[in-house]
Protein chains: 2
Amino acid sequence: MPDDGFWSAGCWSAELAAARGRVARIAARTPLIPSPALSERLGTGVYLKLETLQPTGSFKLRGAANKLVRLAESAPSLGSPPGVVTFSTGNHGRAVAYVARRLGLRAVVCVSEGVPPVKLEAIRRLGAELAMAPTQDDAEALCARLATEQGLVVVHPFDDPDIIAGQGTLGLEILDDLPEVEAVIVPLSGGGLLSGVGLALRHFGPPRPVQLIGVSMERGRVMFHSLRAGHPVTLPEEPSLADSLVGGIGLDNRWTFRLVGRLATDAVLVSEEAIARAMTFMLEEHGLLVEGGAATAIAALLEAAPPTGTGRPDAAAGRNPLTSLRGVFPWRPGGPLPVPRRIVVVVTGRNVDPRRVLGG
Amino acid sequence: MPDDGFWSAGCWSAELAAARGRVARIAARTPLIPSPALSERLGTGVYLKLETLQPTGSFKLRGAANKLVRLAESAPSLGSPPGVVTFSTGNHGRAVAYVARRLGLRAVVCVSEGVPPVKLEAIRRLGAELAMAPTQDDAEALCARLATEQGLVVVHPFDDPDIIAGQGTLGLEILDDLPEVEAVIVPLSGGGLLSGVGLALRHFGPPRPVQLIGVSMERGRVMFHSLRAGHPVTLPEEPSLADSLVGGIGLDNRWTFRLVGRLATDAVLVSEEAIARAMTFMLEEHGLLVEGGAATAIAALLEAAPPTGTGRPDAAAGRNPLTSLRGVFPWRPGGPLPVPRRIVVVVTGRNVDPRRVLGG
């Protein structure tokens, strides 16, 4: 795999630092709170990074802000501000629509029929145009066609350095609030979030490595199988509670596949049942509505630890609970990872009909 | 009404400042986030102070922390640390139990039969002893009896300067995060929260007055009628969605009745239906589960503004939306209050069975 310069530490440090300023103009600086319930269950300190409190209800606002603010800054030299087009399972589209309205840009969002009505309605309310396609991969193709036909700038949902650096700003905030962080768990689909957080940890984090686990659902294992195969693969799309993680990574993936492959300590899978349990857990224990895509990371932690009362947590016994998850990188060298004493879970989004949480 | 020195500005400033240090040892510094949905609805800036993110799920942790940390600090000179006893609709009891466990103190919590099971279970899990009584007023009497019989220190849920100063620390945080705040809306029952926040605004806030509105439910109007009567009154307890606000203020009220009377711009009432709508609103628009007691303040704001699309918000037309609420102080001098451009709503707690929000 040739290293064509994208891995340059200096460049990514500068991109992340610049992203921080742009993102701060639009997105919230979200809180990191301790989770007594998860800490007790795991036998070690667990903290929640609450991206659910972003104005659009998900972390996707960061990448969209970085990309579009940068575009708007350069637009005066290009004449009138251009419009943008994107494809999305909903959260990225809503974020692009939100930032576009703030900046006075036209926005077109291509979506599949699998996107929940609550997300479509939010995008419409922000004044963006919706274009429908059968699947997420079809929505991506439609996005490319509209860009060419109408002269719109494509805002890729993950495979773009500006998007990656934008999502990485939440990693910078984690390091500010909890410099002693030893592990971070994030949902994993296209890999923009994991790449951004991984770069933040690598270039701004402590000298010791911070464990970084990506969690996908069994019904959306494109990145998981791509990492295992050593190259991007495609798989048929399946419906999942984690609707925001549905879709491929692109056979022509330029950035996130390689970044995830180098930055992730492991990539693991969770079942639909585990996701549903995690959604209920978050509502009952923290009063937080989280969507299925966000619940994957919580689900992995819950799967890694026995319910309270059924035995001593692994961590208390000196075993790393995260290594009990079945990952794609069991062969990574160095033996069992140490028990992380401070784990951060990124709670990525809240855009779900609450009736889906309690009805299931 | 004689002023027996309790109103001394110097004393309350010192109490609040000291409380801040003690509370920081136990409670979270909670975030203040903008509410795009409420801001749009009101036509003015609305922010949420998220006490739902406290480890015990409510702001009550602040007062309990201030009281018990102070007690523990003075305990060495008293021999072995004493136990504490309290009465509560649940949140204060859970907070006392949480702090007592952290400090190694015995805790007894007297509760009525109206306290929801989810709150009783949380108190039990923290290792506190529960004592049951038919009503909240009976629980208060039981608390006094147990204190005498067993030599326990009473931790009053609101009518105590340490509790008031502890709750006031959230007012200090609001001023730090949004110095331009022009109005604060809080749920109102015993008045500890309103008193603490009002003292913080008065002694640490801007020279111009900040509007401070307390919101009770129509089914829990003891403070409302006491303010109107000019002295504490009693009323029969009624079941309400706002279970945490049930109970009297005490005919022998020493602190909060007078403080609320002097510090509140107004005290208003909301219906059970308005509370239920506010709970659904918060879950759908912010992904936040809020209990009925917390929802009263949101309900007042929603009642003060028409649903989006049904007309121009009052604020945009130069009318103060808060004055459309029917309050106890319509006769307060000075004419209509100016439109607040930045309103903070204190979201006090999240301890409710989520099925109650969606089932109603």
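The values are calculated or read from the model by the stated rules, or taken from the named source; none is laboratory data. Every value quoted in this text rests on a predicted model; they were computed, and no experiment measured them. A quick note on method: Cβ atoms are made from the backbone with ideal geometry, for glycine too, and the neighbour counts reach across all protein chains shown. Side chains are part of the model used for accessible areas, which takes the heavy atoms of the whole protein and leaves out ligands, DNA and RNA. Shrake-Rupley method; radii C 1.70, N 1.55, O 1.52, S 1.80 Å.
At a glance:
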{"quantity": "Sulfur and carbon atoms: percent of accessible area, region A:61-154 [1.4 Å]", "calculated": "53 percent"}
{"quantity": "Averaged over A:342-354, number of beta-carbon atoms from partner chains that fall within 10 Å", "calculated": "2"}
{"quantity": "Label distances, nm, B:PRO209 versus same residue in remaining copies, Cβ-directed 7 Å point", "calculated": "6.3"}
{"quantity": "Long pairs among A:LYS49/B:LYS67; A:LYS119/B:LYS49; B:LYS60/B:LYS119, criterion Cα-Cα beyond 19 Å", "calculated": "A:LYS49/B:LYS67; A:LYS119/B:LYS49"}
{"quantity": "Cα point-scatterer Debye curve for the protein assembly as shown, base-10 log of I(q)/I(0) at q = 0.08, 0.09 Å⁻¹", "calculated": "-0.64, -0.81"}
{"quantity": "Chains A and B, summed buried accessible surface - 1.4 Å probe, Å², nearest 100", "calculated": "1800 Å²"}
{"quantity": "Amide H partners (placed H, <5 Å) of B:MET217, local residues excluded", "calculated": "B:VAL270"}
{"quantity": "nm² value of the averaged projected area, convex hull over the Cα atoms of chain A", "calculated": "16.9 nm²"}
{"quantity": "Residues with amide H under 5 Å from that of A:VAL153, placed H, sequence gap 5 or more", "calculated": "A:GLY83, A:VAL84, A:VAL85"}
{"quantity": "Nearest-ten-degree value, helix B:9-24 long axis tilted from longest Cα axis of chain B", "calculated": "70 degrees"}
{"quantity": "Isotropically averaged projected area of region B:158-302, using the convex hull of Cα atoms (one quarter of hull area), nm²", "calculated": "8.4 nm²"}
{"quantity": "Size of electric dipole in region B:61-154: Cβ of Lys, Arg +1 and of Asp, Glu -1, about Cα centre, debye, nearest 20", "calculated": "480 debye"}
{"quantity": "Antiparallel %, DSSP beta bridges [both residues in the protein assembly as shown], to 5", "calculated": "15 percent"}
{"quantity": "Gaussian network model of chain B, springs between alpha carbon atoms under 10 Å - residue of B:ALA300, B:ALA17, B:ALA97 with greatest fluctuation", "calculated": "B:ALA17"}
{"quantity": "Neighbouring partner chain Cβ atoms per residue of A:281-287, average, 10 Å criterion", "calculated": "6"}
{"quantity": "Estimated vicinal HN-Hα couplings, Hz - region A:281-292 in sequence order (Karplus 6.51, -1.76, 1.60; Gly, Pro = x)", "calculated": "4, 5, 5, 6, 8, 10, x, 10, 7, 10, 7, x"}
{"quantity": "Across the identical copies, how the A:ARG29 labels are spaced - nm, sorted shortest first, 7 Å along Cα→Cβ", "calculated": "1.0"}
{"quantity": "All Cα pairs of region A:61-154, percent lying beyond 16 Å", "calculated": "49 percent"}
{"quantity": "Using alpha-carbon coordinates, inclination of helix B:136-150 to the longest axis of chain B, degrees", "calculated": "30 degrees"}
{"quantity": "Relative contact order %, chain A, counting alpha carbon pairs below 8 Å whose residues are six or more apart", "calculated": "20 percent"}
{"quantity": "Axis-nearest residue of B (beta carbon) for the B-onto-A rotation, whole Å", "calculated": "B:PRO31, 2"}
{"quantity": "Neighbour cut-off at most 11 other Cβ (10 Å), DSSP loop, GluC sites (Glu not before Pro), region B:146-183", "calculated": "B:GLU180"}
{"quantity": "Alpha carbon centroid spacing (whole Å) that separates region B:142-166 from region B:99-121", "calculated": "13 Å"}
{"quantity": "Helix-derived mean residue ellipticity, 222 nm - over chain A, DSSP H n ≥ 4, -39500 (n - 2.57), to 500", "calculated": "-13500 deg cm²/dmol"}
{"quantity": "Rg/Rh for region B:30-111, where both radii come from Cα atoms and Rh is the Kirkwood radius", "calculated": "1.19"}
{"quantity": "Average accessible area per residue (Å²) across region B:61-154 - probe 1.4 Å, nucleic acids and ligands excluded", "calculated": "41 Å²"}
{"quantity": "Gaussian network model of chain B, springs between alpha carbon atoms under 10 Å - residue of B:VAL109, B:VAL339, B:VAL155 with greatest fluctuation", "calculated": "B:VAL339"}
{"quantity": "Mean Cβ neighbour count within 10 Å, used as a protection proxy, ranking A:210-216, B:162-168 highest first", "calculated": "B:162-168, A:210-216"}
{"quantity": "For B:ALA133, distant residues with modelled amide H under 5 Å away", "calculated": "B:VAL111, B:SER112, B:GLU113"}
{"quantity": "Label spacing, shortest first and in nm, from A:PRO82 to its equivalents in the remaining copies (7 angstrom along Cα→Cβ)", "calculated": "7.3"}
{"quantity": "Most mobile listed residue (B:HIS203, B:HIS156, B:HIS286) in chain B, GNM with C-alpha springs under 10 Å", "calculated": "B:HIS286"}
{"quantity": "Region A:61-154 - percent relative contact order, Cα under 8 Å, separation 6 or more", "calculated": "31 percent"}
{"quantity": "Rg and Dmax of region A:18-70, Cα atoms only, in Å", "calculated": "14.2, 43"}
